[in-house]
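What follows is calculated from the coordinates using simple rules that are stated; it is not laboratory data. What you see is a predicted model, and the numbers here were worked out from it, not measured in a lab. Using ideal geometry, Cβ is built from the backbone for each residue, glycine included, and neighbour counts are taken over all protein chains shown.
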Amino acid sequence: DAMVIQNPRYQVTQFGKPVTLSCSQTLNHNVMYWYQQKSSQAPKLLFHYYDKDFNNEADTPDNFQSRRPNTSFCFLDIRSPGLGDAAMYLCATSRPRGGRNTEAFFGQGTRLTVV
Amino acid sequence: DQQVKQNSPSLSVQEGRISILNCDYTNSMFDYFLWYKKYPAEGPTFLISISSIKDKNEDGRFTVFLNKSAKHLSLHIVPSQPGDSAVYFCAASYGAGNMLTFGGGTRLMVKP
């Protein structure tokens with residue numbers, strides 16, 4: 001009964017070779033997020049979708065893009081991965097209620113290795 | 001500029017005793033605070049949260065305290081169990097988008 005599912009769990013890609021990470025949710029939450037977490041650091045927000053509205057964090061590199069074709073799915077595209085992009089990528093969802101914030105639910109993450 | 005800070009990278013506690021994890025924030029706009037637990041190679045799991053209109057929230061062995069004037073929150077785990085050993089992240093948010101800003105985490109080790 002996994003609620004936020006990320007595929008794959010582990011991804012190895014070559015330097016400069018485009019890679020796509022996927023996330024799906026069964027919670028019907030309207031907000032979806034992508035976070036990047038490097039070793040021993042805080043997860044860092046890359047972007048989020050509020051319904052269909054895409055919001056890019058100011059310091060997210062142009063190398064990173066995202067797509068949300070429908071409520072359930074969200075993709076993270078890394079156009080030309082560099083060694084510095086090796087990290088755990090976390091997808092999360094939430095449904096703010098009545099203008100009040102709520103907890104976000106995270107997937108298990110995709111560990112990206114760049115060789 | 002870290003808006004959410006966890007100044008203790010690690011904490012070791014004996015089983016059965018209290019674990020206290022601390023978190024400080026700088027952005028006075030934050031109005032919702034959360035604690036997440038994370039095991040290696042897994043995503044963060046939500047533990048407990050508190051709204052800025054409260055100063056305490058309790059859920060079983062977990063209690064979160066919020067001191068808005070000091071911009072400080074803490075997580076108390078009583079009694080601590082070996083299964084509580086994990087990295088604990090403090091997070092904060094404000095605004096309609098519910099975006100979380102995380103602290104750097106504290107690794108808790110509960111010794112049997």
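Note on residue B:12/residue A:58: beta-carbon distance plugged into 1/(1 + (r/R0)^6) with R0 of 35 Å gives a FRET efficiency of 0.40. Loop-located trypsin sites (Lys or Arg not before Pro) across segment A:38-93 with a Cβ neighbour count of 16 or fewer within 10 Å are A:38, A:52, A:79, with loop assigned by DSSP. Under the criterion of Cα pairs below 8 Å and six or more residues apart, the relative contact order for chain A equals 37 percent. For segment A:57-75 versus segment B:30-73, the inter-centroid distance based on Cα atoms is 28 Å.
Note down the Stokes-Einstein diffusion coefficient of segment A:6-115 in µm²/s, whole number, using a Kirkwood radius over alpha carbon pairs, 25 °C, and 0.890 mPa s. So the translational diffusion coefficient is about 174 µm²/s. Placing a label point 7 Å from the Cα of residue A:97 along the Cα-to-Cβ line, the residues of segment A:1-36 whose backbone N sits under 19 Å from it are A:3-4, A:26-32.
What is the list of residues in segment B:20-39 whose amide nitrogen lies under 18 Å from a point 7 angstrom out from the Cα of residue A:40, following Cα to Cβ? What the label zone holds, given the 18 Å backbone N cut-off, is B:38-39. Residues in segment B:73-79 carry Karplus couplings, in order, of 9, 9, 10, 10, 10, 9, x Hz; the curve used is 6.51 cos²θ - 1.76 cosθ + 1.60 with θ = phi - 60°, and Gly or Pro positions show x.
Each residue of segment A:68-76 was assigned a 3J(HN,Hα) from its phi angle through the Karplus curve 6.51 cos²θ - 1.76 cosθ + 1.60 (θ = phi - 60°); the sequence is 9, x, 7, 4, 7, 10, 8, 10, 10 Hz, with glycine and proline shown as x. Restricting attention to segment A:1-90, which chymotrypsin sites (Phe, Trp or Tyr not before Pro) occupy a DSSP loop and are surrounded by at most 16 other Cβ atoms within 10 Å? Passing both the DSSP loop test and the Cβ count: A:15.
Of all lysines in the structure, the ones whose alpha carbon falls short of 24 Å from that of residue B:111, not counting any fewer than 8 places away in one chain, are B:37, B:38.
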